[in-house]
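Trainee: Below is one structure. I have some questions about it.
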């Protein structure tokens, strides 16, 4: 009898966890860190900010990609730099979003209940990446990387790469 009760309790726990994850997915937020969610909820912004520096008050950026059959929302590291948002996607948890952005660079970002349409542009210039990442590495990890982004490789664990995307305003029709 105890065995049956334990099995029933385990099945009930699994069903409740699955139901909770499904509800969270439908709520429009990432399910858990590293586990994407569904579409972001919010009101479309009537205008785009000229300068995104206000966003640096948050630790993570909520982004939604619509590449693929289902919307994919995730929390991502980011930095507002030179008035633009930049996604910082290390390979250990940003690969899913990187693949989706390669397929369709259009995405939405959420701030204060508003949704902003943006287009992700991959930053490949080492000098630009170094200028962007140097203050982040200094502030977060007390690592000096200088002006060249290649110095990041010495500080990062082997096999970890950082993809950087600048978010641009979509072109007007």
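Trainee: Got at least one residue in the stretch 73-84 being in a loop (DSSP other than H, G, I, E, B) and surrounded by 14 or more Cβ atoms within 10 Å (Cβ to Cβ)?
Mentor: No.
Trainee: Please name all residue pairs, on different chains or six or more residues apart, with Cβ atoms under 8 Å, provided the first residue is in the stretch 6-22 and is under 17 Å from residue 37 (Cα atoms) and the second residue is at pLDDT 85 or above and surrounded by fewer than 10 Cβ atoms within 10 Å (Cβ to Cβ).
Mentor: none
Trainee: Quick check: is even one residue across the stretch 129-152 out of contact with any helix residue (DSSP H, G or I) (no Cβ under 6 Å at 6 or more places or on another chain), closer than 25 Å to residue 171 by Cβ and at pLDDT below 85?
Mentor: There is at least one residue in the stretch 129-152 that is out of contact with any helix residue (DSSP H, G or I) (no Cβ under 6 Å at 6 or more places or on another chain), closer than 25 Å to residue 171 by Cβ and at pLDDT below 85.
Trainee: Which residues, counting only those in the stretch 119-139, are assigned to a helix (DSSP H, G or I) and surrounded by 14 or more Cβ atoms within 10 Å (Cβ to Cβ)? Walk me through it before giving the result.
Mentor: Step one: filter the stretch 119-139 for residues assigned to a helix (DSSP H, G or I), giving 126-139.
Scanning the stretch 119-139 gives 126, 128, 129, 130, 131, 132, 133, 134, 136, 137.
Trainee: Touching a residue at least 12 places away in the same chain (Cβ under 8 Å) and more than 23 Å from residue 161 (Cα to Cα), is that true of residue 133?
Mentor: no
Trainee: Looking only at the stretch 80-107, how many residues end up being modelled with pLDDT under 85 and closer than 14 Å to residue 123 by Cα?
Mentor: Summing the residues that are modelled with pLDDT under 85 and closer than 14 Å to residue 123 by Cα in the stretch 80-107 gives 1.
Trainee: Looking at the structure I just gave you, is residue 101 more than 17 Å from residue 40 (Cα to Cα), touching a residue at least 24 places away in the same chain (Cβ under 8 Å) and crowded, with 17+ Cβ neighbours inside 10 Å? Step through it out loud before you land on a result.
Mentor: On the way: more than 17 Å from residue 40 (Cα to Cα): no; touching a residue at least 24 places away in the same chain (Cβ under 8 Å): yes; crowded, with 17+ Cβ neighbours inside 10 Å: yes.
Taking the combined requirement at face value, the residue does not satisfy it.
Trainee: Something else now. Do you know which of the residues in the stretch 53-72 that are exposed (fewer than 13 other Cβ atoms within 10 Å of the Cβ) and in a helix (DSSP H, G or I) is farthest from the chain's Cα centre (by Cα)?
Mentor: Across the stretch 53-72, the extreme among qualifying residues is 54.
The values are calculated or read from the model by the stated rules, or taken from the named source; none is laboratory data. Everything numeric in this text was worked out from a predicted model, so none of it was measured. Here the Cβ is made from the backbone with ideal geometry for all residues, glycine too, and neighbour counts use every protein chain on show.
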